[in-house]
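Some notes on the structure that comes next.
None of the figures in this text is laboratory data; all of them are computed from the coordinates on show. Only a predicted model underlies this, so the values are computations on that prediction, with no experimental measurement involved. Here the Cβ is made from the backbone with ideal geometry for all residues, glycine too, and neighbour counts use every protein chain on show.
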Amino acid sequence: MCGRAAVVTDVGGNAEWIEDGQTGFVAEAATAKSFGAALERAWLARGDWGEMGIRARHSALRRFGKSPGKALLKIVLAAAEYLRLAWFRVAVFMRGIPLLLKSRQCLSSTW
C-alpha cells in the first residue's frame, strides 16, 4: 500500500501478493541463498523500483480498495464466524454422541 517494491520469501502467502519482477521480488525459499538471489535481482533492477512500487500500490488498491483496515476486519470477522460455526457443529456432534450410544445400548439390549 505504501508504493514500494518488496523482496519477500515464498511463505505465508507472500508470493500471492507479489508478481516477481513486476511489483517486487520473490525468493523461492526461506533460505539465505534464495533470499540473497532475490536481493541480487532487486539490486540489478534498482532503476525500476519507482515504477514497480506504483504497480504494487495499484495492485493492492485493486484487491482491498482505499480502506485496507476495513477489508482486513471483514476477513477476520468472516474467519471468526466460520470458526464459530465450526465449533458449534462440533458441540452439536459431541452432544449427540451420548444419545447415539444410549440408543445403541437400547437396541443391543432388545436383541
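Shape verdict for the range 1-66, please, from the Cα gyration tensor: rounded (a/c under 1.5), prolate (a/b greater than b/c) or oblate.
The shape class here is oblate.
Would you please classify the overall shape of the range 33-91 from the alpha carbon gyration tensor, given that a ≥ b ≥ c denote the square roots of the eigenvalues, rounded means a/c under 1.5, and beyond that prolate means a/b larger than b/c while oblate covers the rest? Here the range 33-91 falls in the oblate category. So how strong a dipole does the range 9-102 carry about its Cα centre when Lys and Arg Cβ are +1 and Asp and Glu Cβ are -1, to the nearest 20 debye? Roughly 740 debye for the range 9-102. For trypsin sites (Lys or Arg not before Pro), the sites in the range 1-81 that DSSP calls loop and that have at most 13 other Cβ atoms within 10 Å are LYS66. In this simple spin-label model, placing a label point 7 Å from the Cα along the Cα-to-Cβ direction at both GLU81 and ILE54 gives a separation of 3.9 nm. Counting beta carbons within 10 Å around each of THR23, THR9 and listing the fewest first gives the order THR9, THR23.
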